[in-house]
Amino acid sequence: MTIQDAYSKSLIKTSNLITPIIIGTNSSSSNTGLQVMTDRNLINRLERILSLNIDKIIIFGVPPSHDSNGTQALEKNGVVQSSLKIIRDSFDKKIQVIADVCICQYNLSGHCGIVNQNNYPDNDKTLKLMSKIALSYAESGADTLAPSSMMDGLVLSIRNKLNLNGYRETKIMSFSKQFSSLYSPFRLTAYMKVSKIDKSNYQIGYANSREILRKVELDYGEGADVITIKPSMANLDIISRIRERVRCRIAVQHVSGEYAMLKAASRNNLINEYDWLLGYFACLVRAGADFIITYEAEGIAELLSAQ
């Protein structure tokens, strides 16, 4: 092991890592390297994750059917709700479960909310639906809700809904999401096949750092327990500036497009995958990230445990 590797490994811990799990009624995979798994294989997967000393996951659901309002996300026995109950029955509190709260995988448009006649999300209608979904996930056993739709006032709406129904201890991990093409592999894996989706009117542009920071401060003021930035590329400055502004944990997501590019470069022998990840993730932690959501969490955990 080089001195550089040893330094990187001293910064990154398995406690920093969060494993994303895309769960659906049918298993599938794509050439992006991402996979949809069913709850039949969930227990074995979680046992492996725990054996690597990773104790946090985030679940994204892929429903069997879709409609304009994404109502499958509210089903009592929906894919996320059923998976949460399996996890609680099998592992109790050994693993911390975060549930993504969005309907882009559940509706016909691919947008992050209920769309109006102009095919743009209706903020107020979406708040009501997201709050109901969040409560449903909390009732099914989620430790943390992760609203990622970027609607205005979403954190406060969910916090109020949880508090009114006796879930004051359930955490909220808010996402400040920049408009980016780096989410495309996830969409190809988890979405219905829809035409190109323009989300620029509610996701924040890369160039507007003041708007990003304002969104973070608003979410924190509304009751967010964790602030999440995605994608991770080109956001080290934002992470460090957030660390100076809010007193809560900070997460960053190494998103599907970043993961797919990493895998492609590794396949073509352009980089050493794990050397690159160790250095890059160490930079994320150095910038101020407490948690890293990554599809390579298990690979990194194996590397950290190697003597």
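The values are calculated or read from the model by the stated rules, or taken from the named source; none is laboratory data. Everything numeric in this text was worked out from a predicted model, so none of it was measured. Cβ coordinates were reconstructed from backbone atoms using ideal geometry, including for glycine residues, and neighbour counts include every protein chain displayed.
The single condition among (1) at pLDDT 80 or above; (2) surrounded by fewer than 16 Cβ atoms within 10 Å (Cβ to Cβ) that Lys171 does not meet is (2). Filtered by the rule that a residue be over 18 Å from Pro20 (Cβ atoms) and not charged (D, E, K, R), the range 83-100 gives a lone residue, Ser90. Of everything listed in (1) out of contact with any strand residue (DSSP E or B) (no Cβ under 8 Å at 6 or more places or on another chain); (2) under 21 Å from Gln178 (Cβ atoms), the single unmet condition for Gln117 is (2). The residues of the range 84-108 that are crowded, with 21+ Cβ neighbours inside 10 Å and hydroxyl-bearing (Ser, Thr, Tyr) amount to a single one, Tyr106.
Quick one: what pairs do we get from the range 159-171, first residue in contact (Cβ under 8 Å) with a residue 40 or more places away in the chain, second assigned to a loop (DSSP other than H, G, I, E, B), C-beta under 6 Å, 6+ apart or different chains? That search, which allows pairs on different chains as well, returns Arg159/Gly223; Lys171/Asp225. Scanning the range 62-78 for residues that are within 23 Å of Pro185 (Cβ to Cβ) and part of a helix (DSSP H, G or I) yields a total of 2.
The rows are residues; the columns are (1) modelled with pLDDT under 90; (2) among the acidic types (Asp, Glu); (3) part of a helix (DSSP H, G or I); (4) under 19 Å from the mean Cα position of the chain (by Cα).
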{"position": "Phe60", "(1), (2), (3), (4)": "no, no, no, yes"}
{"position": "Val80", "(1), (2), (3), (4)": "no, no, yes, yes"}
{"position": "Lys85", "(1), (2), (3), (4)": "no, no, yes, no"}
{"position": "Asp89", "(1), (2), (3), (4)": "no, yes, yes, no"}
{"position": "Ala99", "(1), (2), (3), (4)": "no, no, no, yes"}
{"position": "Cys104", "(1), (2), (3), (4)": "yes, no, no, yes"}
{"position": "Asn119", "(1), (2), (3), (4)": "yes, no, no, no"}
{"position": "Asp124", "(1), (2), (3), (4)": "no, yes, yes, no"}
{"position": "Met130", "(1), (2), (3), (4)": "no, no, yes, yes"}
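Summed over the range 239-251, the residues that are without any contact (Cβ under 8 Å) to a residue 60 or more places away in the chain and either crowded, with 23+ Cβ neighbours inside 10 Å or under 18 Å from the mean Cα position of the chain (by Cα) (or both) give a count of 5.
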